[in-house]
Structure formats: structure tokens, C-alpha cells
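What follows draws every value from the coordinates through simple rules; no lab data is involved. This is a predicted model, so every value here is computed, not measured. Every residue, glycine as well, gets a Cβ built from its backbone with ideal geometry; the counts of neighbours run over all protein chains shown.
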Amino acid sequence: MALAGLVLVFTIDPNEPGHYPTCPTLMFTGTYCPGCGSLRALHALTHLDLAGALGMNPALLLAVPYLLWAWAFWLLRCLGKAERKRLAPAWALWTLLGAILAYWALRNVPAFAEWLAPGGVVAPAFQ
């Protein structure tokens, strides 16, 4: 299913308006959520454009290696080739939550927009 989603994002450009829905957080609050720009970043990654992906959602690039590892571990568990255990300790999950919340706040600060906001654009609520 994930592969089908990647094929869709590869073929239908999220940079062109009208193909995908607008982020509800952006639509209702005018601020970027931690996931804003992820479709455009995935589109760039599927076209091997690392700089473009980094410019749309830098957090996604950090998450991709872990997501691939977690998917592979899940697959091995389903095949019975790995034992069931937690993917991360509780402290790591709380640290991750804190990092996501900090990223959410900082990407909406105009001073950090060039590095953290999708495409380096200041959120509409702050323009």
C-alpha cells in the first residue's frame, strides 16, 4: 500500500494545485504543522531531488531512515524471522514528541522560515 502511495506521489505532482487536499492545520490556522510539505518532499525524493525534499520538509528526511528500518523490522516480524519487541524505549518516544513539538513551533517563526518552512515561505498567519 505504501508503495502504491509513493507511485501516486511520484506521478502526480503535489506542487500543482488541485491534485491533493490542503493541510487542515494550514487551512484553518494559517500555520504549518510538522507534516506540511511532506507530500512535496516525498515527490522530490522519488525524483531523487534531495535538496528539494530538504527545502519542503527537513524533518521528513530525518524520519525516512527510521521509517524504512521500522517497516523492515515489521516485515520480518510478520514473516516470523524476528521476535516481538518495542521499536523504541519510552524515553526516546517522549524525546521525539518534544522534538516534533519544537519543530512545529520553530517552523512558524519567521526568523526560521527560510530553513524550516515548506519552500522557505513564511506561514500565512505571519505575513
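What is the sum of charges around Val9, taking Lys and Arg as +1, Asp and Glu as -1, for the other residues whose C-beta is under 15 Å from the C-beta of Val9?
-2
Taking the Cα centroid of region 14-37 and of region 94-127, what is the distance between the two, rounded to the nearest whole Å?
A separation of 14 Å, based on Cα centres.
Cut-off is 10 Å between beta-carbons; in what order do Tyr103, Tyr32, Tyr20 appear when sorted fewest neighbours first?
Going from least to most buried by this count: Tyr20, Tyr103, Tyr32.
What does a probe at Phe28 reach in region 89-109, counting residues whose amide N is under 19 Å from the point 7 Å along Cα→Cβ?
Zone members listed by number: 101, 104-105, 108.
How much length is gained if the chain between Glu16 and Ala90 is pulled fully straight, taking 0.36 nm per residue apart and subtracting their Cα-Cα distance, in nm to one decimal?
Using 0.36 nm per residue and subtracting the Cα-Cα distance, I get 22.6 nm.
Expected output is a single nm value to one decimal: the length gained when fully extending between Ala2 and Ala82, i.e. 0.36 nm times separation in residues minus the C-alpha distance. What is it?
Stretched fully, the Ala2-Ala82 segment lengthens by 26.6 nm.
What dipole magnitude, in Debye to the nearest 20, does the chain give about its Cα centre under +1 on Lys/Arg Cβ and -1 on Asp/Glu Cβ?
The dipole of the chain has a size of about 620 debye.
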